[in-house]
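The values are calculated or read from the model by the stated rules, or taken from the named source; none is laboratory data. What you see is a predicted model; the values in this text were computed from it and never measured. The area values use the complete protein model at the heavy-atom level, side chains included, leaving out ligands, DNA and RNA. Shrake-Rupley method; radii C 1.70, N 1.55, O 1.52, S 1.80 Å.
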Amino acid sequence: EHPSLVTLARAGWIAKGVVYGLVGVLAVPIAINGLDRSRAASADEEASQLGAIGEIADTSWGTFALWLVAIGLLLYVLWRAVSIALPARNTATTWVTRAGYLVSVVVYASLAWTAISFARRTSSSAGQESEDARVERFTRDVLDMTGGRWIVGLIGIVVIGVGAFFIHRGVTASFTDELDGGSVGPFSHRTIVHLGQAGWVGRGVMMLLVGWFVFQAARQFDPDDAHGIDGALRDATDSTFGA
């Protein structure tokens, strides 16, 4: 309820929204090319969080924008860290929620560091390792460990479970308890809820795809089967309803 903390958190959410918005924009050409099988999807633009950062870096105002996004993401990380530390009832749901917030801290701190690295080194993302390459390298390293196949399979199942939870949250609109009633600008409260439902379901489907390919990597014992968001979307277009 502290006004200053809420202001910082809003800046963090805006930065996260910019990244996810760009991921969505980058995913559109993949879907369009998937509908037209005579066209090959371009691999130049990666539909992932790293790809979104790369797109910002490649613009004429990239360095300035990267610093803004990096600061915003760090504020989001701070918000989640504060959320973890807040007092709450000692229940399983509370600890699962805290674990989810901890994952967010790690993911977005890494993404903020990537944005800072781009901003400090160059305005171009050329030559940077893709998210797919990172996922495949991580999967290969884990598969080489004792029991690695089981670990990778478990990670895939967990990611699939998270995706299913996101879809359930969108379908049931259970996130409305986090919203104050009322409209925001031209959007009615009902419209905002519908937008949230679409967003949670879309995010859930994305997680299901990534989890499925990670699980397949364990089942086939082939790290090349593991994909990040971009690779999962591209592979999905090969199926009947993929696009």
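Computed from backbone phi, the HN-Hα couplings of the range 28-33 come to 4, x, 5, 5, 4, 5 Hz, rounded to whole numbers (Karplus: 6.51 cos²θ - 1.76 cosθ + 1.60, θ = phi - 60°; Gly and Pro given as x). With the convex hull drawn around the C-alpha atoms of the chain, the volume per residue stands at 167 Å³. A full extension of the chain between residue 110 and residue 164 corresponds to an added length of 17.0 nm, given 0.36 nm per residue minus the alpha carbon distance.
Accessible area per residue for the chain, computed on protein heavy atoms with a 1.4 Å probe, is 59 Å². As a length-normalised measure over Cα pairs under 8 Å and 6 or more apart, the relative contact order of the chain settles at 23 percent. Taking 0.36 nm per residue of sequence separation and removing the Cα-Cα distance, the residue 120/residue 13 pair yields an extension gain of 36.2 nm.
For residue 5 and residue 88, the difference between the fully extended length at 0.36 nm per residue and the C-alpha to C-alpha distance is 28.0 nm.
Which percent of the accessible area of the chain is formed by carbon and sulfur heavy atoms (probe 1.4 angstrom)? Looking at the chain in its full context, I get 65 percent from C and S. Sorting 168, 189 by solvent-accessible area of protein heavy atoms yields 168, 189, largest first, with a 1.4 Å probe.
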